[in-house]
1. Which one is surrounded by the most Cβ atoms within 10 Å (Cβ to Cβ) among residues in region 40-60 that are under 15 Å from ALA95 (Cα atoms) and small (Gly, Ala, Ser)?
2. Going through region 106-138 one residue at a time, which ones are part of a helix (DSSP H, G or I), without any contact (Cβ under 8 Å) to a residue 40 or more places away in the chain and among the β-branched types (Val, Ile, Thr)?
3. Out of the residues in region 109-140 that are at pLDDT below 95 and basic (Lys, Arg), which is farthest from LYS85 (Cα to Cα)?
4. Any idea how many residues of region 45-98 are part of a loop (DSSP other than H, G, I, E, B) and either closer than 28 Å to ARG112 by Cβ or under 12 Å from the mean Cα position of the chain (by Cα) (or both)?
5. Check off (1) under 13 Å from the mean Cα position of the chain (by Cα); (2) at pLDDT 90 or above for ALA17 and give me the number that stays unchecked.
6. So which residues in region 139-157 are assigned to a loop (DSSP other than H, G, I, E, B) and among the aliphatic types (A, V, I, L, M)?
7. State yes or no: is ARG63 at pLDDT below 95 and surrounded by 14 or more Cβ atoms within 10 Å (Cβ to Cβ)?
8. All but one of (1) loosely packed, with under 15 Cβ neighbours inside 10 Å; (2) within 16 Å of GLU54 (Cα to Cα); (3) in contact (Cβ under 8 Å) with a residue 24 or more places away in the chain hold for ILE94; which doesn't?
Amino acid sequence: MTNDPPPRALEASGPAAGGEPDGTGDGDDGLRRFTIGELADHFGITTRTIRFYEARGLLSPERRGVNRTYSRRDKARLTLILRGKNLGFTLEDIAEYLALYDADPIQEAQTRLLLDKIEAAISDLQLKRADLDRTLRDLKDIRAKCVEHLKAPKRPA
């Protein structure tokens with residue numbers, strides 16, 4: 001793995017992503033190291049979540065004794081992981097995406113993979129939207145029938 005941050009295709013940029021254009025928020029030469037607690041606080045997640053991503057091979061912190069230290073690259077990868085999860089990608093999808101970064105310096109394969117995953121996600125969401133729209137119509141029809149029934153004059157039994 002190189003020390004360059006991953007590409008920004010999945011990464012949000014600007015202040016909302018951490019303050020810096022690359023989403024890292026550290027504004028230095030990339031030598032800054034972060035503790036697990038600093039990353040957890042920055043992203044609003046638990047240290048357990050970070051350790052889980054590490055166990056899945058998505059993050060590779062440096063060990064200094066019993067402490068983990070994370071690079072600017074780890075921070076950028078964590079941004080991508082969280083953004084990918086928020087968009088509905090599986091950890092396997094995210095791992096595949098991150099692995100391609102290391103294998104393809106011009107990022108063509110990575111971009112093609114991301115495009116395929118995005119197209120599949122859009123298609124899936126459109127199907128779910130159609131199902132939701134149909135279910136809402138059915139529920140509204142049933143609701144209208146219930147209201148009509150309750151307003152109808154009652155005959156004694």
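The values are calculated or read from the model by the stated rules, or taken from the named source; none is laboratory data. Here the structure is a predicted model, which is why all the values come from computation and not from measurement. Here the Cβ positions follow ideal geometry from the backbone for every residue, glycine too, while neighbour counts run over all protein chains shown.
1. Only one residue tops the list, namely SER60.
2. Of all residues in region 106-138, those part of a helix (DSSP H, G or I) come to 108-138.
Subset that is without any contact (Cβ under 8 Å) to a residue 40 or more places away in the chain: 108-109, 112-113, 115-138.
Correct list: ILE118, ILE122, THR135.
3. My answer is ARG112.
4. Quick first cut of region 45-98, residues part of a loop (DSSP other than H, G, I, E, B) only: 45-46, 56-61, 65-66, 71, 87-90.
Cutting the leftovers down to either closer than 28 Å to ARG112 by Cβ or under 12 Å from the mean Cα position of the chain (by Cα) (or both) gives us 56-60, 71, 87-90.
Matching residues across region 45-98 total 10.
5. Going through the list (1) under 13 Å from the mean Cα position of the chain (by Cα); (2) at pLDDT 90 or above, ALA17 breaks only (2).
6. Quick first cut of region 139-157, residues assigned to a loop (DSSP other than H, G, I, E, B) only: 152-157.
Of everything in region 139-157, those that are assigned to a loop (DSSP other than H, G, I, E, B) and among the aliphatic types (A, V, I, L, M) turn out to be ALA152, ALA157.
7. For ARG63, the condition - at pLDDT below 95 and surrounded by 14 or more Cβ atoms within 10 Å (Cβ to Cβ) - is not met.
8. Only one criterion is unmet by ILE94, namely (1).
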